[in-house]
Every structure is written in structure tokens, then in C-alpha cells.
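The values are calculated or read from the model by the stated rules, or taken from the named source; none is laboratory data. Because the structure is a prediction, the values reported are computed rather than measured. Cβ coordinates were reconstructed from backbone atoms using ideal geometry, including for glycine residues, and neighbour counts include every protein chain displayed.
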Amino acid sequence: MSRIMPMRGRVEVTGVDIHFGRGDARFKAVSEVSFSVPAGQFLCLLGPSGCGKSTVLGALAGHIRPSAGSLTLDAQPIEGPAPERGLVFQHHTLFPWKSVIDNVAFGLKMQGISRSERTARARELIELVGLKGFERHYPVQLSGGMQQRVEIARVLINQPRVLLMDEPFGALDAQTRQLMQQLLLDVWARVGTTIVFVTHDIDEALFLGDRILVMGARPGRLIDDIPVRFARPRDRTLTTTVSFNALKRHCQDLLHPDHAGAARPRLSPLDTDADFSVAHFAI
Ligand code: ADP
Ligand code: MG
């Protein structure tokens with residue numbers, strides 16, 4: 001029997017304000033953010049750099065306390081970090097002196113689970129993220145994409161009710177990044193956990209999400225809530241469809257409002273390299 005158990009939590013964020021700094025330096029980084037994430041939804045939080053995405057995710061992780069409002073998982077207040085809310089960052093947090101299997105099994109060791117059970121569950125997750133055969137490798141022997149697979153496996157082994165991902169593929173080259181997006185969708189199709197995925201990349205949000213919450217800056221706040229109804233399973237051909245590009249245009253207008261509307265040159269599918277400067281501007 002598979003040990004990969006679906007765990008899907010419901011997230012509620014209500015009227016959250018977050019301030020940083022003291023005295024004259026005090027500022028509001030996040031203002032009146034409210035949203036709920038139904039169990040099993042893949043939610044993307046999209047916005048420009050510095051708008052407060054990581055701050056909201058940090059509050060969901062329990063690392064940052066809001067100055068107003070509340071955050072709950074399955075109606076329980078979020079009061080600190082917990083394995084039921086698994087966090088994956090852009091930067092690696094693997095133990096360099098531990099093998100892949102010991103990195104993945106580490107969370108279970110902390111829970112006092114027997115070695116044989118730990119090993120069996122870790123092997124299953126390593127296979128799920130496509131790293132079968134690399135169990136005895138050390139992080140330094142793996143590529144950046146492979147290390148991120150280990151990160152995902154070591155978080156999933158705790159059977160989190162929500163997976164919190166902060167630009168997890170941001171440091172990878174474009175091709176590896178696309179492979180990792182596809183892998184994440186395949187993994188999610190198996191485990192079905194709720195996901196809150198932070199990105200500033202419109203294509204990534206559209207390719208992955210069931211829904212996109214768009215944030216604006218100064219102060220960080222929600223400016224749109226976009227359902228993304230593309231059929232699943234998804235593959236790269238989606239990104240060249242008319243409906244994908246229509247939603248992409250909508251997101252671009254939200255993220256770059258000064259470029260929006262009639263003043264902006266329109267791209268047609270017939271634009272050529274001769275129009276590169278125009279294309280570059282519109283993208
Ligand atoms: P994003 O993830 O969208 O790029 P962040 O959530 O990291 O944005 O940051 C939002 C704003 O809050 C930025 O202006 C950032 O400089 C500021 N900020 C983030 N963390 C801290 C902190 N610990 N102390 C002070 N300011 C912070
Ligand atoms: Mg960030």
C-alpha cells in the first residue's frame with residue numbers, strides 16, 4: 001500500500017496587516033490581505049519583487065507575526081512553524097553531510113519513527129520526485145534541479161496539509177525550471193496537497209495554478225483574484241494557446257499598469273525579429 005497519503009488543508013487569511021521596522025522606520029509591508037484557499041487548491045501568489053509575497057508566505061509559515069488579522073489552517077490559528085506547513089525556498093536547506101535518503105528521512109527521525117519505516121517512506125518519495133538510484137548521493141553531487149527535488153521530497157515526507165513554496169525554481173536555468181514545473185504538477189497530481197506558490201513569473205503562475213492572487217506594492221495588497229481553468233494534466237503546449245496568452249496579457253497589465261491600455265504597442269502573431277524592440281517592450 002502506498003504510504004503517500006493525501007493531506008489537504010484549508011487556509012484562511014483574514015484582514016492581515018504586517019509592519020516592519022521601528023519608530024520612524026516603521027512601515028506597512030502588507031495591508032488588509034484576506035483570502036481563503038480551499039483544500040487541495042494550487043494557489044499562486046503573483047506580484048513584482050518587493051510587494052510582500054514572501055512576507056505573506058512567512059506569516060503562513062509561522063515565521064512572521066501579523067500586526068492585525070488572523071491566519072488559520074483547518075480553523076486552527078497559525079502560531080509558529082510546524083511540519084504540517086511545509087516550506088520550500090529558492091535556496092537549498094539540505095544537510096550537505098547527509099545522503100539524499102537521510103536528508104529526506106530526517107523529518108521522520110525527529111518524530112521517532114523506526115529506521116525501517118523511515119527508509120521505506122523516504123524511498124517512496126525519492127521515487128516520486130524522480131530520483132530513484134540517487135539515494136546514496138550527497139547534495140554536492142546533484143544539480144540544482146535535483147537538489148530542489150530532494151527539498152520537495154523532504155518536506156512531503158511530513159505529510160504537510162499545505163505546501164508553501166517561495167520562488168522555489170527561481171535560481172534554476174529556464175529549461176530546468178520548466179522541467180521542475182512539470183514535475184511539481186505530476187507530484188501534486190499524486191499527493192493532492194494544498195499549495196501556496198509564490199512567484200513573480202506570470203508564465204509560471206499560469207502554467208501551475210488553479211487560481212492566481214495578484215499583489216500590488218506599497219503597501220503590499222491583493223489587486224486581483226483570477227481563476228485559471230485550463231484543463232489538467234497540463235503540458236507546455238498550453239503556453240502557446242490563445243486563452244493562455246489572453247490571461248497572460250491581463251496579468252501583464254496588472255503588474256505593469258503604466259504599460260497597459262491604448263498607449264502600448266500590440267503584438268500580433270506575425271511580428272518578426274524586425275519588431276524586436278516592440279516585442280521586447282511588450283514582454
Ligand atoms: P517579495 O517577496 O514580494 O519580493 P518581501 O515580502 O520580501 O517581498 O518584502 C516586502 C517588503 O518588506 C520589502 O519592502 C522588503 O524590503 C520589506 N521587508 C521584508 N522583510 C523584512 C524584514 N525582516 N525587515 C524589514 N523589512 C522587510
Ligand atoms: Mg520574495
Filter result (over 18 Å from the mean Cα position of the chain (by Cα) and touching a residue at least 12 places away in the same chain (Cβ under 8 Å)) within region 72-85: 72, 74, 75, 78, 79, 80
For the condition away from ligand 1 (no atom under 16 Å from the Cβ), in contact (Cβ under 8 Å) with a residue 12 or more places away in the chain and surrounded by 13 or more Cβ atoms within 10 Å (Cβ to Cβ), what is the one hit in 37, 88? 37
Please state which one of 143, 99 is exposed (fewer than 15 other Cβ atoms within 10 Å of the Cβ) and either closer than 21 Å to residue 233 by Cβ or not aliphatic (A, V, I, L, M) (or both). 143
Here is a check on your reading of the model: is residue 53 modelled with pLDDT of 95 or more, under 21 Å from residue 222 (Cα atoms), buried (at least 21 other Cβ atoms within 10 Å of the Cβ) and among the basic types (Lys, Arg)? yes
Just one of the numbered conditions (1) more than 24 Å from residue 205 (Cβ to Cβ); (2) away from ligand 1 (no atom under 16 Å from the Cβ); (3) surrounded by 15 or more Cβ atoms within 10 Å (Cβ to Cβ) is not true of residue 7; which one? (1)
Condition set under 14 Å from the mean Cα position of the chain (by Cα) and outside any strand (DSSP E or B), scope region 205-231, selection nearest to ligand 1 (Cβ to nearest atom): answer is 205
All but one of (1) assigned to a strand (DSSP E or B); (2) at positive phi hold for residue 40, so report the exception by its number. (1)
Considering every residue within region 56-78, establish whether at least one is hydroxyl-bearing (Ser, Thr, Tyr) and modelled with pLDDT under 95. no
I'd like to know if region 13-26 contains one or more residues that are within 16 Å of ligand 2 (Cβ to nearest atom) and not β-branched (Val, Ile, Thr). yes
Scan of region 168-187 for residues that are assigned to a helix (DSSP H, G or I) and more than 11 Å from the chain's Cα centre (by Cα), ordered by number: 174, 175, 176, 177, 178, 179, 180, 182, 183, 185, 186, 187
I'd like the full set of residues that are surrounded by fewer than 24 Cβ atoms within 10 Å (Cβ to Cβ) and assigned to a strand (DSSP E or B), limited to region 150-167. 166
Taking only region 124-145 into account, find how many residues are more than 15 Å from residue 98 (Cα to Cα), outside any loop (DSSP other than H, G, I, E, B) and in contact (Cβ under 8 Å) with a residue 12 or more places away in the chain. 5
Test result for residue 170, small (Gly, Ala, Ser) and within 22 Å of residue 9 (Cβ to Cβ): no
When you look at residue 49, is it in contact (Cβ under 8 Å) with a residue 60 or more places away in the chain, assigned to a loop (DSSP other than H, G, I, E, B) and either closer than 28 Å to residue 257 by Cα or basic (Lys, Arg) (or both), yes or no? yes
Identity of the residue in region 168-202, touching a Cys at 6+ places or on another chain (Cβ under 9 Å) and more than 23 Å from residue 146 (Cβ to Cβ), that ends up surrounded by the fewest Cβ atoms within 10 Å (Cβ to Cβ): 200
